[in-house]
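In what follows, a single structure is set out as structure tokens and then discussed.
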Amino acid sequence: MVGREVMTSKRRSTPPVQLTDREVEVLQLVAEGLSNADVGARLHITRLTVKSHLTRIGEVLGTGSRTAMVAFGFREGYLK
């Protein structure tokens, strides 16, 4: 699996968070304010697949909040 790794905190000794390139794409479009349906249309996947990606991102980050996911993405360098 292709992905990017980022440390969630420099103070923690936890393993780095790893998101796939597709998860980063989904997160970027969510950061742009797109709905699940719009993200799906842009990436040519179903809105349910988008929801699955967001669920997995939320599990990795320990949050179900889209806002928290996006904030993490910018803070840790996944998003520009």
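The values are calculated or read from the model by the stated rules, or taken from the named source; none is laboratory data. All values derive from a computational prediction rather than experimental measurement. Glycine gets a Cβ as well: all are built from the backbone with ideal geometry, and neighbour counts include every protein chain shown.
Scanning region 28-71 for residues that are at pLDDT 95 or above and on the phi > 0 side of the Ramachandran plot yields GLY33, HIS44. Taking first residues from region 34-47 that are exposed (fewer than 14 other Cβ atoms within 10 Å of the Cβ) and outside any helix (DSSP H, G or I) and partners that are of a type in the set (Val, Ile, Thr) and at pLDDT 95 or above, the Cβ contacts under 9 Å between residues at least 6 apart in sequence or on separate chains come to SER35/VAL50. Applying the condition of being without any contact (Cβ under 8 Å) to a residue 24 or more places away in the chain and assigned to a loop (DSSP other than H, G, I, E, B) to region 60-79 and asking which residue is surrounded by the most Cβ atoms within 10 Å (Cβ to Cβ) yields THR63. On the basis of being without any contact (Cβ under 8 Å) to a residue 60 or more places away in the chain and assigned to a loop (DSSP other than H, G, I, E, B), does ILE57 make the cut? Taking the combined requirement at face value, the residue does not satisfy it.
Pairs linking a residue in region 20-31 that is over 8 Å from LEU79 (Cβ atoms) and free of Cβ contacts under 8 Å to residues at least 24 places away in the same chain to a residue that is crowded, with 17+ Cβ neighbours inside 10 Å and among the aliphatic types (A, V, I, L, M), with Cβ atoms under 8 Å and 6 or more positions apart or on different chains, are LEU29/VAL39.
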